[in-house]
Amino acid sequence: MRHDPELPFFFGADGGLFGMYHAPATPPRRAVLMCPPLGQELIRTHRLHRQLAQQLAAQGVAVLRFDYHGTGDSAGYSAEVDWNRCVGDAVTAAGELRSRAGVDRIVAFGARLGGSIALAAADRARFAEVIAWDPVVDGDDYVAALDAMQAALREDADRFNQPRSHADVAEQWLGFDIGDSLRRQITALRVQPASVPTLVLDSMPAGGAPRWEHLVSRRGKVAAIAPPTPWTDLRRLEAAILSHPLIQAVTGRLAEEA
Amino acid sequence: MMREEAFRFGRARHLVGIAGVPDGAWGETGVIVLNAGLVHRIGPFRLHVDLTRQLNAAGYPTLRFDLSTLGDSGASGGGLTRTQQVCADVDDAMKLLSERAGCQNFVLVGLCSGAQNAHTVAASDPRVSGAVFLDGYAYRTLGYKLRHYLPRVLDPARWARFLRHRAGGGGGEAKGAADPVFAVAPAPREEVIADFTGMVGRGMKLYLVYSGGISYCFNHARQFRECFGKVMDHPGITTSYRAETDHTYILSGDRARLVDGIGGWLARNFPPAAGRHA
């Protein structure tokens with residue numbers, strides 16, 4: 001049987017979840033599940049997730065990247081994205097990773113809402129640790145920021161010849177349809193600390209950093225990485241987010257574990 | 001419900017793509033969607049996912065995939081030029097859809113650099129029977145310049161701003177107007193016209209859809225003919241200018257209209273076997 005170091009496949013109860021399994025050259029003893037962010041942040045960080053997965057695989061770590069229902073290559077429409085289903089999909093993906101890698105110990109990595117999902121899924125998915133990069137901890141603030149960017153987008157002269165109508169931009173966040181339930185779910189989001197060690201990687205611009213301490217008060221820490229990541233800069237909405245310091249921080253943390 | 005399948009494929013198993021093959025679609029025209037810029041195969045704001053799934057529902061086999069070194073695809077290590085690599089990758093993609101769905105003829109869809117790549121392959125590969133170029137090659141014509149600059153020259157408010165700026169010691173508007181302009185790499189206009197002429201001469205159907213997002217080089221439906229001449233009158237070519245939209249169709253309504261437009265063009269030019277998906 002052919003051995004592909006990076007294998008794309010579909011999995012889950014209805015075979016609708018897309019995954020990319022990065023197999024190390026030798027039988028793994030550790031594994032990382034990558035929980036992607038949602039919306040445009042998923043697209044912007046795709047390359048970075050791939051780079052990180054490849055580097056972890058080179059360290060002997062099995063990695064699974066995947067897309068939640070309604071995102072990326074997975075089944076479903078963007079408007080169907082649902083917070084609880086995302087958390088459930090992360091749990092399903094953790095099971096898939098255990099099965100493929102043959103290891104029980106899984107560290108979850110997630111950026112932005114992906115970090116929040118990893119924290120929310122930690123118990124059910126039996127993560128050994130969560131590494132969260134600029135996780136969203138206060139849904140109200142996040143929704144307000146997305147709404148403000150969507151409002152600015154309507155009149156963005158760099159994008160449109162004429163301002164668009166309010167109806168044209170309604171019920172969307174930066175290129176993606178959103179359902180009422182997702183808006184309500186994220187608005188109500190108050191991420192609680194996980195019962196496992198948590199490393200928060202902080203690259204929020206100065207003055208914009210939420211207080212992470214409550215996430216890591218039991219076990220874990222906050223580590224700053226520079227430069228700041230332009231998550232909310234509308235002018236760079238379609239620019240990929242790449243960060244060698246982030247990759248170094250995550251691979252370094254996994255190397256400590258070895 | 002139709003299932004998509006994920007593939008690693010290609011001469012060096014270096015390519016990654018998602019194929020959608022509807023039941024009973026064996027031998028239909030296959031639709032292959034190329035990367036838009038550096039965005040991985042799902043396309044800007046998931047455009048390629050919406051497009052391929054809607055086309056699957058209409059009866060077309062589809063493949064959205066990452067060209068070498070883009071998205072999840074690796075390098076083939078063959079020492080090819082980028083143009084040769086693109087042609088080889090699309091050849092691999094056509095072979096995959098041929099194996100999975102019996103496709104003998106293909107329509108390529110590309111946005112921006114994807115249009116350029118689709119153009120390159122379409123100009124030389126006889127298996128390509130149609131192409132959708134989204135914001136493909138464009139050139140600033142005299143008509144473009146008149147439409148762009150004349151309103152500005154005649155706008156008193158703009159003059160007032162300009163004079164205030166000059167009085168303040170600033171420079172004037174210093175936008176260059178070099179021809180031609182393309183976000184990735186230009187090709188000589190005569191070459192592009194010759195390519196279009198050759199494509200329709202061998203029976204290909206073309207759909208050119210240009211957006212208001214490239215207003216730095218294209219600003220009116222008339223500009224298709226200004227750019228490419230009388231070949232644009234050929235019945236095998238359909239054009240559409242969507243002034244209100246941006247380059248990457250960020251609004252879901254614009255995206256839905258684009259997908260519907262491509263679906264309608266395909267249905268008219270490459271109808272699936274009659275009645276099967278009515």
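So the values come out like this:
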| read-out | value |
| --- | --- |
| Among the candidates B:E226, B:E191, residue that is of a type in the set (D, E), modelled with pLDDT of 95 or more and surrounded by 16 or more Cβ atoms within 10 Å (Cβ to Cβ) | B:E226 |
| Breaking point among (1) in contact with a strand residue (DSSP E or B) (Cβ under 7 Å, 6 or more places away or on another chain); (2) open to solvent by 40 Å² or more (accessible area, probe 1.4 Å), for B:D135 | (2) |
| Hey, A:S99 modelled with pLDDT of 95 or more, small (G, A, S), open to solvent by 10 Å² or more (accessible area, probe 1.4 Å) and within 18 Å of the chain's Cα centre (by Cα) or not | no |
| Residue tally, condition more than 11 Å from chain B (Cβ to nearest Cβ), touching a Leu at 6+ places or on another chain (Cβ under 7 Å) and under 18 Å from B:V16 (Cα atoms), over the range A:34-52 | 1 |
| Number of the condition not met by A:G70 [criteria: (1) within 14 Å of another protein chain (Cβ to nearest Cβ); (2) surrounded by fewer than 23 Cβ atoms within 10 Å (Cβ to Cβ); (3) free of Cβ contacts under 8 Å to residues at least 24 places away in the same chain] | (2) |
| Unique residue being within 14 Å of chain A (Cβ to nearest Cβ), more than 18 Å from B:E5 (Cα to Cα) and of a type in the set (S, T, N, Q) when the list is B:T81, B:T69 | B:T69 |
| Identity of the residue in the range A:232-258, open to solvent by 80 Å² or more (accessible area, probe 1.4 Å) and assigned to a helix (DSSP H, G or I), that ends up farthest from the other protein chains (Cβ to nearest Cβ) | A:E256 |
| Selection count where residues are part of a strand (DSSP E or B) and away from every other protein chain (no Cβ under 14 Å), scope the range A:1-33 | 4 |
| Residue count for the range A:172-207, restricted to those that are loosely packed, with under 14 Cβ neighbours inside 10 Å and either within 14 Å of another protein chain (Cβ to nearest Cβ) or in contact with a strand residue (DSSP E or B) (Cβ under 7 Å, 6 or more places away or on another chain) (or both) | 1 |
| Hits in the range B:245-275 (condition: open to solvent by less than 30 Å² (accessible area, probe 1.4 Å), hydrophobic (A, V, I, L, M, F, W, C) and within 27 Å of B:G24 (Cα to Cα)) | B:L258, B:V259, B:I262, B:W265, B:L266, B:F270 |
| Failed item in (1) in a loop (DSSP other than H, G, I, E, B); (2) within 21 Å of the chain's Cα centre (by Cα); (3) facing another protein chain (nearest Cβ under 10 Å), with B:G17 passing the rest | (1) |
| Qualifying residue in the range B:239-248 (condition: hydroxyl-bearing (S, T, Y) and more than 14 Å from every other protein chain (Cβ to nearest Cβ)) | yes |
| Of all residues making up the range B:20-60, the number that are among the small types (G, A, S) and within 14 Å of chain A (Cβ to nearest Cβ) | 5 |
| In the range B:57-85, the residues that are free of Cβ contacts under 8 Å to residues at least 40 places away in the same chain and either β-branched (V, I, T) or open to solvent by 40 Å² or more (accessible area, probe 1.4 Å) (or both) | B:T69, B:G79, B:L80, B:T81, B:R82, B:T83, B:Q84 |
| Matching residues, the range B:10-26, being among the hydrophobic types (A, V, I, L, M, F, W, C) and surrounded by fewer than 21 Cβ atoms within 10 Å (Cβ to Cβ) | B:A12, B:W26 |
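Here is a yes/no grid of residues against (1) farther than 25 Å from A:A255 by Cβ; (2) buried (at least 19 other Cβ atoms within 10 Å of the Cβ):
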residue	(1), (2)
A:F18	yes, yes
A:A23	no, no
A:P28	no, yes
A:Q54	no, no
A:V61	no, yes
A:L113	yes, yes
A:A120	yes, yes
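The values are calculated or read from the model by the stated rules, or taken from the named source; none is laboratory data. Predicted model only: the values in this text are computed from it and were never measured. Please note: Cβ atoms are built from the backbone with ideal geometry, for glycine as well, and neighbour counts cover all protein chains shown. Note: accessible area is taken over every heavy atom of the protein model, side chains too, but ligands, DNA and RNA are not part of it. Shrake-Rupley method; radii C 1.70, N 1.55, O 1.52, S 1.80 Å.
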